[in-house]
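Undergrad: Sharing a structure, written as structure tokens. Questions coming.
The values are calculated or read from the model by the stated rules, or taken from the named source; none is laboratory data. Given the structure is predicted, the values throughout are model-derived calculations rather than measurements. Ideal geometry is used to build each Cβ from the backbone, glycine not excepted, and the neighbour counts take in all protein chains shown. Accessible surface areas use protein heavy atoms only, side chains included; no ligands, DNA or RNA. Shrake-Rupley method; radii C 1.70, N 1.55, O 1.52, S 1.80 Å.
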Amino acid sequence: MSPDLTLAPARTNVDAAFRLLVVDDDLATIRQLGSLLTGFAQVSFATCGEDALAMARTQRPDLILLDAEMPGLNGFEVFKALRADPVTAAVPVVFATSHTEPEVEAEALRMGAADFISKPLVASQVLARVRRQLQWRGQPATDAAAPLRVPQVPHTPRVLIVDDDPATIQLLQGLLAEVSDCYFALDGTRALEMAAALQPDLLVLDIDMPGLDGFEVCRRAKIDPPGQSPSVAFVTQHAHAENEALAFESGADDFIGKPFDTGVLLARVCRLIDRKRRVDADLAAVRAHWQGLGDARVAEVVAAASDAIVVADDQGCIVLANRAACTMFGVAAGSAVGQCLPQFLPAFADAGPAAGRQQVRQADGGELTVELVQSALGTGRDRLHTCVLRDTSARDREEAVQRRHAEVESASKATAGMLSFIAHEMGNSLNAVLGFSHLALSDLTSPLPPAQLQRIERIAQAAGLLQALMRDVIDLNRLEAGKFRVETTTFDPAELVRAACSELALQAEQAGAQLRHDVPAETLHVRADARRLQQCLHNLVSNAVKYGRPDGRIDIALHAQGDEVLIEVRDDGPGLTDEQLLHLFEPFNRLGREGGKAPGSGLGLVLTRELATAMGGRLEVDSVLGAGSCFTLRFARIQPQP
């Protein structure tokens, strides 16, 4: 670098987003470009090829403006060195040189130069072309500065020539036919219609045309993002600096004046087509990358889906089956592919199985009910059927449980309603029977004969039993419905034990049984409903009297065991078999004693257990066949407050 060059390596506007390197040995050109680009980008300067290469390697600029003629390494040698270095190979280079020979320009473009500007430099032209190059740097491109080549693409590049002069169209078609398929339009409106249909790689535009001018056509063609809009080059006889600036402002990618050199024109057209195809390839690669990731993710989702997913061709051959499908069919993972779907899904037909509930036949001969959703893609032999199968067994079981629960709840409500009606209607009649019976038995003014009194007593006893049965049935129904309420208090159950013995002493005596109780001297406290606990004791002692031996013994014992208080009712009766113990707490089941003399309904023990549970206790039974039974009520022991 020249020691007296005060501008080198000066930079302007350090906040600018892009870095430019200007390489020229002419100080006047450097000053002109430095003044022109101030505030536009970060600009560095070099006056020889060696310095330019060093600065390019260390700073890696976004764009290089390179003179062709310099002492030492000339511009073309610097360009080749830049391309040979991996660090700088992709940096676009615009030649800004005094060379005006078309052959030099064409060769530079064929080597891979991004653009070629001839001196003397025109400010608007330089800014427009530099700005366009920097805009391209923000778009996808694998290697924007790669050497020019005629693109090897799946189809021949398409060029749409738009000019109202048939002679110009014919000339351009002849020049570009070797690198592209050429189409033409005589006005802007028709050009836009054809561009939408053809999707050309390049639009070649004139400026002055009837209707829409070239600038407007360019703006409309460039509305779509890169990769979807064509490259645009103006080829016009109105090639002055003002129109060139307007062209680039409207989105043009190049501007070529008439008359043009055919070599230069062909080189510039090939450069634009090549760049367009590189952008398309980059975008396609990006799309393919994300599509691949998406396909892989979809494959993972399908493989891990809990529903069975099966794809079969139009002949019913399985081409895809996830793990859930193999599990449902009862085959090893991955082995369903290649097998016939109808052997697992009999409903499969040429048009595909109907949606809804279907039967799946498993490999071991078992069957499953499934819910099927199916879709078809394609036509003819390429048609594919996708079946999504969901095993409904668990749901069916749950629905069956819910139905049973609803039925039980409905039956419970119906029973409750019926019992309420019976309790009301029969209760009134029973109260009348009992009332008049008691009046007849206690009438001293007009006493009945002994025989009639005995009949009245039996009527009263039967009515009393029926009334007790009604109470038990209603209480049990309320307990099962969860509507039974107990009012618990803390008390000593000793008095209840004594009362039970006293109340049932006459019944025991009539049965020939000895009824005894054992109550400890210490006070034992439990928390329960005293009235309901008395009912439980009455049921247990009454059962012991009814089903014990005629000359047997019945013992009621109250004692503490650890943290619990136990009330035991023990008899030395016939005991219970294992089969009877299994059905002991079934409502209305009297365990084969329905025809005996002892009255009962088969609800007493059931109600006693439910009442004990409702009060926070439990009922246990221990019975030995031929030796007797012991029924134990257990409640938590409550320590008295000090």
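Undergrad: Can you give the extra length, in nm with one decimal, that the chain gains between Gln359 and Thr189 once fully stretched, where that is 0.36 nm per residue apart less the Cα-Cα distance?
TA: Separation in residues times 0.36 nm, less the Cα-Cα distance, equals 55.0 nm.
Undergrad: Sticking with this one: Using θ = phi - 60° and the Karplus curve 6.51 cos²θ - 1.76 cosθ + 1.60, what whole-Hz ³J(HN,Hα) does each residue of the stretch 41-57 get, with Gly and Pro shown as x?
TA: 6, 6, 10, 10, 10, 9, 10, 8, x, 4, 5, 4, 5, 5, 5, 5, 5
Undergrad: Also, I was wondering about something else. Taking R0 as 22 Å, what FRET efficiency do you get between Ala333 and Arg390 from their Cβ-Cβ distance, rounded to the nearest 0.05?
TA: Details: r = 19 Å, r/R0 = 0.86.
After rounding to 0.05, the efficiency reads 0.70.
Undergrad: Taking 7 Å along the Cα-to-C-beta vector as the label spot, tell me the Arg219-Ala505 distance in nanometres, rounded to one decimal.
TA: The answer from the label model is 11.9 nm.
Undergrad: Solvent-accessible area per residue for the stretch 199-334 at a 1.4 Å probe radius, Å²?
TA: Accessible area per residue: 43 Å².
Undergrad: Roughly speaking, what is the stretch gain from Arg404 to Asp518, that is 0.36 nm per residue apart minus the C-alpha to C-alpha distance, in nm to one decimal?
TA: 36.3 nm
Undergrad: Give the carbon-plus-sulfur fraction of the accessible surface of the stretch 246-314 in %, rounded to a whole number; probe 1.4 Å, heavy atoms of protein chains only.
TA: Exposed carbon and sulfur together represent 63 percent of the surface.
Undergrad: Search the structure for amide H atoms under 5 Å from the amide H of Ile161, placed 1.01 Å from N in the peptide plane, and list their residues when 5 or more places away or on another chain.
TA: Excluding prolines and chain starts, which carry no amide H, the hits are Tyr183, Phe184, Ala185, Val204.
Undergrad: Could you compute how much accessible surface Asp163 exposes when probed at 1.4 Å, giving the result in Å² to the nearest 10?
TA: 0
Undergrad: Moving on. Would you mind pulling out the separation of the Cα centroids of the stretch 34-70 and the stretch 201-215, in Å?
TA: The distance from the Cα centre of the stretch 34-70 to that of the stretch 201-215 comes to 35 Å.
Undergrad: To the nearest 10 square angstrom, what accessible area does Ser118 show with a 1.4 Å probe?
TA: The value for Ser118 is about 40 Å².
Undergrad: What is the set of long-range amide H partners of Leu320 at a cut-off below 5 Å, with H atoms built 1.01 Å from backbone N?
TA: Residues meeting the amide H criterion: Val311.
Undergrad: Okay, moving on. From the backbone phi of the stretch 518-526, what are the Karplus-calculated ³J(HN,Hα) couplings (6.51 cos²θ - 1.76 cosθ + 1.60, θ = phi - 60°) in whole Hz, Gly and Pro given as x?
TA: Listing the rounded values in order: 10, 10, x, 5, 6, 8, 10, 10, 10 Hz.
Undergrad: If amide H atoms are built 1.01 Å from N in the plane of the peptide, which residues on other chains or at least 5 residues away come under 5 Å of the amide H of Val22?
TA: When sequence neighbours closer than 5 places are left aside, the close amide H contacts are Ser44, Phe45, Ala46, Leu65.
Undergrad: Give a residue-ordered list of calculated ³J(HN,Hα) values for the stretch 542-548 (Karplus: 6.51 cos²θ - 1.76 cosθ + 1.60, θ = phi - 60°; whole Hz; x for Gly, Pro).
TA: Result, ordered by residue: 4, 5, 5, 5, 5, 10, x Hz.
Undergrad: Using the alpha-carbon centroid of each, what span in Å lies between the stretch 263-278 and the stretch 492-546?
TA: So the two Cα centres are separated by 113 Å.
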